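There's a structure below that I have some questions on.
Rule-based calculations on the coordinates, nothing more; no lab input. Keep in mind it's a predicted model, so treat the numbers as computed, not measured. Glycine gets a Cβ as well: all are built from the backbone with ideal geometry, and neighbour counts include every protein chain shown.
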Amino acid sequence: MVRAEQCDHFGHMNVQFYDAALSDAFLHMLSLIGLGPAVVKQRRLGLAAVSMELKFRRELRPGDLYMVETGFLEVTERQVHTAHRMTRLTDGVLALNAHSLGFPFDLEARKRTIMPDDILAAARTFVAPKEAFGL
């Protein structure tokens with residue numbers, strides 16, 4: 001739910017809180033594909049973002065309930081193309097959609113790496129067409 005303190009002087013949710021909601025959804029998705037905090041620490045494997053595009057469709061205002069759906073457009077051993085859709089629950093209106101590009105990152109060596117097969121296979125179960133995210 002959008003809290004009043006998340007809104008700016010224009011009366012709608014500030015950009016930083018849209019981004020925080022997408023980040024929370026993405027971290028949940030990482031746990032679902034086997035990259036939860038314990039695994040990241042053990043395997044020293046992360047994802048590094050390269051770019052992100054957000055399209056604001058409708059404003060979210062204080063008290064609005066919303067849902068973020070996250071998945072992948074494409075996952076290869078060298079890159080991850082993530083997508084998000086944020087929907088206002090009171091009327092089902094698309095409030096925002098976004099997509100980002102990243103790559104597997106070796107946290108020890110601090111450089112690009114290859115996505116392990118088990119993580120790659122799990123991530124591919126969450127691949128959906130761009131239309132599913134309103135892109």
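Between the alpha-carbon centers of segment 117-135 and segment 1-68, tell me the distance in whole angstrom.
Measuring centre to centre over Cα atoms gives 18 Å.
Taking other Cβ within 10 Å of each residue's Cβ, how do Tyr66, Tyr18 sort, fewest first?
Fewest to most other Cβ atoms nearby, the residues stand as Tyr66, Tyr18.
For each of Ser23, Ser51, Ser100, count neighbouring Cβ atoms within 10 Å of the residue's Cβ, then give the residues from fewest to most.
Ser51, Ser23, Ser100
How long is the gain from Phe126 to Met52 if the chain were fully straight, where each residue apart is worth 0.36 nm and the alpha carbon distance is subtracted?
Once the chain is fully extended between Phe126 and Met52, it gains 24.8 nm.
Which of Thr125, Thr76 comes first, and how do the rest follow, when ranked by fewest Cβ neighbours within 10 Å? Write out the running numbers ahead of the final one.
On the way: Thr125 11, Thr76 14.
By the 10 Å Cβ count, ascending, the order reads Thr125, Thr76.
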